[in-house]
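Undergrad: Next up is a structure, given as structure tokens.
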Amino acid sequence: MIEDIKKDASERMQKSVTALGNAMAKIRAGRAHTSLLDQVMVPYYGSDVALSQVANVGVEDARTLTVTPWEKPMLSVVEKAIMNSDLGVNPNSAGMTIRIPIPPLTEERRRDLVKIAKSEAEGARVAIRNIRRDANGTLKDLLKEKEISEDELRGAEDAVQKLTDSVIKQIDTVLAEKEADLMEV
């Protein structure tokens, strides 16, 4: 029973670390990457859909993304959706292709991105601590129901704390790597 609780907490904590990795990937470091456009929604026949559902997104070079809509009438709609997104890029259309030059990051923008990365990491730490609290609460409920002893409770709480500490170290490592990546000129 205690092992199930620890296993569940471990799985949930790893999902939080994975979610943090995905969030960090969306914070751009001055290089063109297709995930930069993942959040762009395009109106398509009355409903908003992801850009990748109506166009092919690719990387032309280190500083340029290309977007090729599958239908000609979608060209202006896709271009407008990219302009209206809060990405700070200006798309240029040429024929059936939209080119999006990625501007180099200024020092101020790099610092802003580091702040965003730190807030994402703090959100992940909070999620980890909430998972720890839930696991400890479940363990205390087992103690109240006399299904485990106080010694087993202390041992299980120590194990959950060690798991929490190791996952928080993973989060700190992910943050340090992203911070170094963002501040690299």
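The values are calculated or read from the model by the stated rules, or taken from the named source; none is laboratory data. All values derive from a computational prediction rather than experimental measurement. With ideal geometry, Cβ positions are generated from the backbone for all residues, glycine too; neighbour counts draw on all protein chains shown.
Undergrad: Out of ASN136, ASN130, report the one residue that is surrounded by 16 or more Cβ atoms within 10 Å (Cβ to Cβ) and within 30 Å of VAL167 (Cα to Cα).
TA: Result of the check over ASN136, ASN130: ASN136.
Undergrad: Identify, from the list ALA19, ALA9, the residue that is assigned by TED's automatic domain parsing to the domain that holds LEU163, part of a helix (DSSP H, G or I), touching a Leu at 6+ places or on another chain (Cβ under 7 Å) and surrounded by 14 or more Cβ atoms within 10 Å (Cβ to Cβ).
TA: ALA9 is the lone residue from the list that is assigned by TED's automatic domain parsing to the domain that holds LEU163, part of a helix (DSSP H, G or I), touching a Leu at 6+ places or on another chain (Cβ under 7 Å) and surrounded by 14 or more Cβ atoms within 10 Å (Cβ to Cβ).
Undergrad: Okay, moving on. Considering (1) touching a residue at least 12 places away in the same chain (Cβ under 8 Å); (2) more than 23 Å from ARG109 (Cβ to Cβ), say which one VAL49 fails and leave the rest.
TA: Condition (1) is where VAL49 drops out.
Undergrad: State which residue pairs qualify: first residue without any contact (Cβ under 8 Å) to a residue 12 or more places away in the chain and of a type in the set (Ser, Thr, Tyr) and inside segment 104-128, second residue surrounded by fewer than 15 Cβ atoms within 10 Å (Cβ to Cβ) and not in a helix (DSSP H, G or I) in any location, beta carbons under 8 Å apart, and separation of 6 or more residues or different chains.
TA: Pairs found: none.
Undergrad: If we scan segment 101-108, do we find a residue that is under 29 Å from THR173 (Cβ atoms), under 24 Å from the mean Cα position of the chain (by Cα) and part of a helix (DSSP H, G or I)?
TA: yes
Undergrad: While we're looking at this one, here's another question. Name the single residue, out of those in segment 62-75 being of a type outside the set (Val, Ile, Thr), closer than 18 Å to ASN90 by Cβ and in contact (Cβ under 8 Å) with a residue 24 or more places away in the chain, that is surrounded by the fewest Cβ atoms within 10 Å (Cβ to Cβ).
TA: Result: ALA62.
Undergrad: Look at segment 71-93 and say how many of its residues are farther than 20 Å from ASP38 by Cα and modelled with pLDDT under 85.
TA: Residues that pass the stated criteria total 0.
Undergrad: Hey, another quick one. Mind telling me which of the residues VAL54, VAL78, VAL59 ends up being buried (at least 17 other Cβ atoms within 10 Å of the Cβ), under 23 Å from PRO103 (Cβ atoms) and outside the structural domain of ARG110 (by TED's automatic domain parsing)?
TA: Going through VAL54, VAL78, VAL59 in turn, the sole match is VAL78.
Undergrad: Also, quick follow-up: Of the residues GLU120, GLU79, which is within 30 Å of LYS7 (Cβ to Cβ) and assigned to a helix (DSSP H, G or I)?
TA: GLU120
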